[in-house]
Structure formats: C-alpha cells, structure tokens
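For reference, the structure discussed in these notes is given below.
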Amino acid sequence: MNSSTPNLLSREFKADPVNLIASGVLALLDHPEQMKWLRENPALIGPAVEELLRYCNPLETATPRFAREDVPIAGTTIPRGALVLAVLASANRDEAQFEHANDLMLTRESNRHVAFGLGPHFCLGAALARLEGQIAITTLLRRAVKLELAAPPKSLRWRATPVLRGLESLPVRF
C-alpha cells in the first residue's frame, strides 16, 4: 500500500472513543440537569454512556453493504446488488424504538441502541470504547466541577465526513 492509497483502518474511518467523549461532554453541557444527575450518581456511568452513545452516536452510518437478494422493506424493494447505507444515528432516534427519542435521558431503561452495529457487524472495540468513555467522562466530571463551554455553541466545528460524527475540538473551561 502506498501513501496515496486510502487505509480503511486509518483514524478518519474509525469511530474513535474521542468522538464519544467530546460529543458526550457537549451533550451533558447542553443538558445541565443530566450532567448534575450524573455527578450525583457516578456509579451509574455505564447506563449513562449507553444513552450518550444512542443520543450522540459517534458513527453516523455503518460501512457500505450490498443487498445479496431483493429485499422488500416498508413497501419498497431494495434490489439485489444495490448499495445500502444503514444510518445508525437515525435508527438510534427512532420514535418506534425509543420513547422520547430526541431527548437525552441518562436514566433511560431498555436502551437497545445500534451505536456499535449489530450481529456479525458488531464493533470489536465496543467494550474498550465504552470503558474509555466511562473513565474519561467520570474523571472529567469529578475533577472539573465548574465545567462549561468556552466558545459559542454555533462556533463549534464538526468533522466533515458522512461516516463519523465528531467535533474538531471542544473548548471548555473549568
């Protein structure tokens, strides 16, 4: 592989835990009541990270796939051989699957999100990403008691990619 060949394992194609951490912290800053609850209940960081994964999914779409046969879905047939892009971020906001899907609820029960894919396409690094998110967010909330955004929300820049959803930076002060 030469330097001009795209490496599908390069940083730009991985849903790094940094995307979960930065987007999750931003979501908490946008929902101070949820951040306060998490500070008061740090032992519940596990379910909280699951909700952050659902709410601000670091991976917008799954890797491209091709239909192996004609597949009828909701009155439309996806023809054999057609390119299929599953929009995970949309699935994680599906009102039929999640009550109040557009709300961040760290106490959400039955959180069957697809942030890491599903079945044979489930992310091998999911456990590590969860753990890194739990440690980073718990530590930040414990140490930075007066955490706040240090820039106007509209000035934040998101990485320009159809696959990943991540901030270029998250300026905060504490």
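Every number in this text was worked out from the coordinates using simple rules, so none of it is lab data. Note that this is a predicted model, so its numbers are computed, not measured. In this analysis, Cβ positions are derived from the backbone assuming ideal geometry, glycine residues included, and neighbour counts consider all displayed protein chains.
Structure summary
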quantity	calculated
Condition check for Arg54: out of contact with any strand residue (DSSP E or B) (no Cβ under 9 Å at 6 or more places or on another chain) and in a loop (DSSP other than H, G, I, E, B)	no
Single residue of Ser90, Ser110 found to be without any contact (Cβ under 8 Å) to a residue 24 or more places away in the chain, out of contact with any helix residue (DSSP H, G or I) (no Cβ under 9 Å at 6 or more places or on another chain) and assigned to a loop (DSSP other than H, G, I, E, B)	Ser110
First in segment 53-73 and within 24 Å of Val18 (Cβ to Cβ), second anywhere and exposed (fewer than 11 other Cβ atoms within 10 Å of the Cβ), Cβ under 9 Å, 6 or more apart	Arg54/Arg112; Tyr55/Asn102; Glu60/Pro162; Thr61/Pro162; Thr63/Leu8; Pro64/Leu83
Hits in segment 51-87 - residues which are surrounded by 11 or more Cβ atoms within 10 Å (Cβ to Cβ), farther than 30 Å from Leu38 by Cβ and among the β-branched types (Val, Ile, Thr)	Thr63, Val71, Thr77, Ile78, Val84
Among residues of segment 113-156, those that are of a type in the set (Asp, Glu), outside any helix (DSSP H, G or I) and within 17 Å of the chain's Cα centre (by Cα), counted	0
